[in-house]
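Okay, so here's the structure we're looking at.
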Amino acid sequence: MGIIRRCLPRPMWNSAFAALRFVRRCVHFGFALYCPVCRARFRRLRSFGVSPRMNACCPICGSFERMRFAWVVLDARPELLGGPNPKILHVAPEQMLAARFNRIAGAEYIGADLEPSRAAVRMDVQRIQYPDDTFDFVYCSHVLEHVPDDRAAMREFHRVLKLGGTAMIMVPVNVKQTFEDPSVTDPAERLRLFGQDDHVRKYGPDVADRLRDAGFAVETVHTADIADEKTARRMGLKNESLFLCKK
Ligand SMILES: [Zn+2]
């Protein structure tokens, strides 16, 4: 898909992509499920991964549970994005969310990633190159579990936020207590211990304490806070959680 995208002129790619989406919407159409990101109705979610996570991925736009959850939280709490003309830092940008942030009137948007090919700006979250009090909103999803010094990254998010700003942070929370061992560098051992060969820890709900240590007032939002059971099931949301971190 990436090669085709690079070879085709942009208008042609946009038309081809829109046509592909239309076909997907027809093929997968149904009333059981709904994706808040692409607003499609369909019969079933796709599984994802080698040892597949079942019912994870929207068959139309490819959104995962975490993005659909962030999407509905942003729908329910639009004030999180700040006032008029918000300045937004989006770490490891996901395409659909980047488009959403860029649609906000007057928004100044920066997408940044450690890998230069994945965003307009190269940035290490442990040493953010922007001055203090720069951003109204920071979005960082499923990044910190890859970062050797996640406490430094959290302090950096706090530093670059304006007073009253919000960092929306998501990490996989899948153990009771955060577990890490910096001496483990072998990818196979990381896979065994942390569940992925480029993860450096597993998080528990106590990640909220780390965020508080960085200076934030932290609110944990769960699926049940945003949607009733039936609605959550329709959107393919499970036991999602995210951290709203206020400066
Ligand atoms: Zn979708």
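The values are calculated or read from the model by the stated rules, or taken from the named source; none is laboratory data. For clarity, every value in this text was computed on a predicted model and none was experimentally measured. Cβ coordinates were reconstructed from backbone atoms using ideal geometry, including for glycine residues, and neighbour counts include every protein chain displayed. Ligands, DNA and RNA are excluded from the accessible area calculation, which covers all protein heavy atoms including side chains. Shrake-Rupley method; radii C 1.70, N 1.55, O 1.52, S 1.80 Å.
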Query raised in the report: Which percent of the accessible area of the range 190-239 is formed by carbon and sulfur heavy atoms (probe 1.4 angstrom)?
Result: 45 percent
Report task. Send over a whole-number figure in Å² for the accessible area per residue of the range 111-247, probe 1.4 Å. Result -> 50 Å²
Report summary line: Excluding ligands, DNA and RNA, the carbon-plus-sulfur percentage of the accessible area of the range 28-67 with a 1.4 Å probe reads 55 percent
Query raised in the report: Which percent of the accessible heavy-atom area of the range 86-170 goes to carbon and sulfur, probe 1.4 angstrom?
Result: 51 percent
**Report entry** Approximate spin-label separation D124-R41, in nm, with each point projected 7 Å along Cα-to-Cβ
**Finding:** 5.1 nm
Requested in this report: Please check which bits of the range 217-246 a label hung off N55 would reach, taking the label as a point 7 Å along Cα-to-C-beta and the cut-off as backbone N under 12 Å.
Outcome: 230-239
Query raised in the report: Which whole-angstrom value gives the distance between the alpha carbon centres of the range 112-163 and the range 90-104?
Result: 15 Å
Query raised in the report: To the nearest 10 degrees, how steep is helix 10-28 against the longest Cα principal axis of the chain, on a 0 to 90 scale?
Result: 70 degrees
**Report entry** Proximal lysine pairs, the chain, alpha carbons under 12 Å, eight or more residues apart or interchain
**Finding:** 5
Query - Potential extension, D225-V184 segment - 0.36 nm per residue separation minus Cα distance - result: 11.1 nm
Query raised in the report: Accessible area per residue of the range 40-91 at 1.4 Å probe, in Å²?
Result: 46 Å²
